[in-house]
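The values are calculated or read from the model by the stated rules, or taken from the named source; none is laboratory data. Quick caveat: nothing in here was measured; it's all calculated off a predicted structure. Virtual Cβ from ideal backbone geometry, glycine too; neighbours counted across all protein chains shown.
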Amino acid sequence: MSAIAVARSAMTVSLLRYSRSWGLWLLLLVAPIGARFMIARDDGSGMQVAIGGHLPVMTSATLGMCLGIVVSTLLLPVAFLYLRSNVTRRNPWQVDEVSGGSRAAIMLGRFAADALVLLAALTALTAAGWLLGWQIVTGPFQPGWIALPLWLVAAPALVGLAALRQLLDARPLGRRGIGELMFFILWMASMVIPIIVSERPSSFAINMVDYSGFVRPLVAGSPSGDNDFSIGGGQIKPGRVPLDSERGISAPGYISSRFAWVAVAIALTVLASMVYAPHSAPRRRRIAGLLARMLARGPPPPAIASAPAATIARSPLATLLLAEFRLIGAGKLFRYLAIIAALLGLLPDFRHIGSPAGLLLLVFGLSAHAGRSEARGLRQLIATTYTPPAMRRGALIAASVAWALVMSLPAALANWSLDPIVLAGSTGAAAAVIAMLLAMISGSGFAARMVLLILWYVYLSS
Amino acid sequence: MSNLHLDAIGKTYGGKTIFNGVTIHVPIGLTLLTGPSGAGKSTLLRILATAEKPSRGKLSWKNTPLPAARRQLRRTLGYAPQAVDLPDDLTAREFAMHMAALKGLDLTAADAQFGAITSAINLHGDINQRIATFSGGMRRRLVFAQALLGEPELIILDEPTAELDDQTSGLLEALIVERAAKASVVMTTHASDQLTAHAAASWRVEGGQVTPT
């Protein structure tokens, strides 16, 4: 079978799977509905792209650019979340890894399907942008000038995201929770690094640093030509400033850099196929020395053949709470890290050191447990147990709060204050509720981990 | 004597009738379920295990119809489905204790019982290992072991000995026969002399009907 036929087949199968999932249709519905909230109103509500604290005059080109910037920055984690948790997250690797088909062709086919799905959502957003523009733009309504900046900014970022998914899926580490952490770091870097170099003259090389493609249009198009802009939320000053979006996207090297990013995405997918490691059951870890002894679970207690059948617990709810508490903190590593996080609470400024440290650990522990509790393949078995789902979910939330409280105890005792306990309890409860809801919807811990990591960063930096 | 009773049960998927008008009493002891692939054996087991609702008819547990008796039934149910997405990041023991907690069992006693069961099916040496390192046969035995935790009065096993060698199958079958002395055990399996000899009943699922053989 030729490589082209393999790639085409991989793409077709992925697209077929997408088309039969409700997630795709939800995405295509949400994208246009969400467009209204991606453009700030005069009172500052909605997602803001602001220049010097002022909203820009909303011309057709600026509208398209603002939509594109919101997609390529703030909504990129949502797109990543969608790709990693959709119906194509499971593939028959047991058979396709031993098939004669080219690995590069298979991955390029899947990459193309992912990219097409994201671009379909962008098409829906473009249509919504036209409808919005028809109603709100200042000056002439120019559909082409809405679509062009929107696609120039957002499309390469989305295509790059599809490639990044292939790259992370290619290696065992990237397939696990650490893959989400890697994406989170890359996403943060993709927003911070281009701002650092934004004051340098526009060129192809400088614009290639800007994967999200948002810096140059804002800098080159703003009246002052500097990087005094903000994306997201915050206080808005009255009055609007003109933003020359057409000049922004025409900055030297910008358009060519956006096309180059598409080429980089294809190259990244090919690279992913070259570094691809087949799936295999992880070998029992052999970590040398002290670490091995610290993390080793040791042999199980000797079996007693005459052990009687377990009886019903005196308090099934308390037993469930204890079990959930243990499972959130499964493994010795979690417990060692919990001790470190608790000790960090002894440092001054619990709000910015001890509390985020404990919360970060909890994000990983509880999202993993929420995910395994709600895994579709396990749900059928769990559903037949004595414990009703609401009680099980409630116990998970209570056990998460308990972990947060335990880790805040040193800070509370050292300062003889209830504040650390209240803060840890409330953030722990909020994280647990979010994790539970997202795990229920997605059937895995991935979406919960991703969203909680982003919220954790907001909490840390606020 | 029977605790579980099915009255005119039917199941339809997307217009296709899997079975219809099935009326059976599940006896204490071992009941073997046979039939061709795709006949609806696993569907019937899922209905017995309350994992799926029938399209028609009613189930009763100790003379109380479901759903009123569902929690009462689940209190004393051991279920080992054919395909389970086990949490790879947990050890077998952690997973078993998770299931024990969900069954409302005392965890210390359940831990000891899990040790005894896994010892009897040659899995005990691996229970502190992560499930990710388990082979298909080990996973199958783990799912089987969690079904026996506590003292279930109704045990539903879907192909518990698939993927196992004869010797290991024999170990599982010995435990099944032992439990069948006091509980209702319904299972699908390939023909096994040891089990057939101890079976209190044998049903064949075929053509939308469940008939005693």
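Residues that are more than 26 Å from B:Asp106 (Cβ to Cβ) and of a type outside the set (D, E, K, R) were ranked within the stretch B:143-170; the one that is farthest from the other protein chains (Cβ to nearest Cβ) is B:Ser169.
The criterion of at least 3 residues that are out of contact with any Ser or Thr (no Cβ under 7 Å at 6 or more places or on another chain), in the same structural domain as A:Ser212 (by TED's automatic domain parsing) and within 21 Å of A:Gly179 (Cα to Cα) is met, among helices (runs of 4 or more DSSP H) falling completely within the stretch A:70-154, by A:76-85, A:103-136. State whether the residues of the stretch A:440-448 include one that is assigned to a loop (DSSP other than H, G, I, E, B) and of a type in the set (A, V, I, L, M). Checked against the condition, which is being assigned to a loop (DSSP other than H, G, I, E, B) and of a type in the set (A, V, I, L, M), the stretch A:440-448 yields no hits at all. Looking only at the stretch A:216-257, residues that are assigned to a loop (DSSP other than H, G, I, E, B) and either surrounded by 15 or more Cβ atoms within 10 Å (Cβ to Cβ) or out of contact with any Leu (no Cβ under 9 Å at 6 or more places or on another chain) (or both) come to 17 in all.
For B:Ala110, the conditions (1) crowded, with 24+ Cβ neighbours inside 10 Å; (2) facing chain A (nearest Cβ under 7 Å); (3) of a type outside the set (Phe, Trp, Tyr); (4) closer than 29 Å to A:Leu173 by Cβ are fulfilled apart from (4). If the condition is being crowded, with 18+ Cβ neighbours inside 10 Å and either more than 9 Å from chain A (Cβ to nearest Cβ) or at pLDDT 90 or above (or both), then the stretch B:76-89 contributes B:Thr76, B:Leu77, B:Gly78, B:Tyr79, B:Ala80, B:Pro81. So is A:Val87 in contact with a Phe, Trp or Tyr (Cβ under 7 Å, 6 or more places away or on another chain), surrounded by fewer than 18 Cβ atoms within 10 Å (Cβ to Cβ) and in contact (Cβ under 8 Å) with a residue 12 or more places away in the chain or not? So A:Val87 passes the test.
Taken as a whole, the stretch A:394-403 holds at least one residue that is in the same structural domain as A:Gly354 (by TED's automatic domain parsing), over 22 Å from A:Ser355 (Cβ atoms) and surrounded by fewer than 21 Cβ atoms within 10 Å (Cβ to Cβ). Every condition in (1) of a type outside the set (D, E, K, R); (2) touching a Leu at 6+ places or on another chain (Cβ under 7 Å); (3) at pLDDT below 95 is met by A:Ala368 except one, and the failing one is (2).
Does A:Pro149 qualify as being more than 22 Å from the chain's Cα centre (by Cα), surrounded by fewer than 22 Cβ atoms within 10 Å (Cβ to Cβ) and of a type outside the set (Phe, Trp, Tyr)? Steps first, please.
Numbers: more than 22 Å from the chain's Cα centre (by Cα): yes; surrounded by fewer than 22 Cβ atoms within 10 Å (Cβ to Cβ): no; of a type outside the set (Phe, Trp, Tyr): yes.
Answer is no for this residue.
Each residue in the stretch B:115-142 was checked for being within 8 Å of another protein chain (Cβ to nearest Cβ), part of a helix (DSSP H, G or I) and touching a residue at least 24 places away in the same chain (Cβ under 8 Å), and 3 pass. Residue under question is A:Ile312, and the condition is that it be free of Cβ contacts under 8 Å to residues at least 12 places away in the same chain, of a type in the set (Val, Ile, Thr), within 7 Å of chain B (Cβ to nearest Cβ) and out of contact with any strand residue (DSSP E or B) (no Cβ under 9 Å at 6 or more places or on another chain); does it hold? No, not satisfied.
Please enumerate the residues belonging to the stretch B:144-194 that are in a helix (DSSP H, G or I), more than 23 Å from B:Ala51 (Cβ to Cβ) and of a type outside the set (D, E, K, R).
Filtering the stretch B:144-194 down to residues in a helix (DSSP H, G or I) leaves B:144-148, B:166-179, B:193-194.
Then keep just the ones that are more than 23 Å from B:Ala51 (Cβ to Cβ); that gives B:166-171, B:173-174, B:177-178, B:193-194.
Of everything in the stretch B:144-194, those that are in a helix (DSSP H, G or I), more than 23 Å from B:Ala51 (Cβ to Cβ) and of a type outside the set (D, E, K, R) turn out to be B:Gln167, B:Thr168, B:Ser169, B:Gly170, B:Leu171, B:Ala174, B:Val177, B:Gln194.
Of the residues making up the stretch B:156-213, those that are of a type in the set (A, V, I, L, M), surrounded by 16 or more Cβ atoms within 10 Å (Cβ to Cβ) and over 20 Å from B:Ile121 (Cβ atoms) are B:Ala199, B:Ala201, B:Val205, B:Val210.
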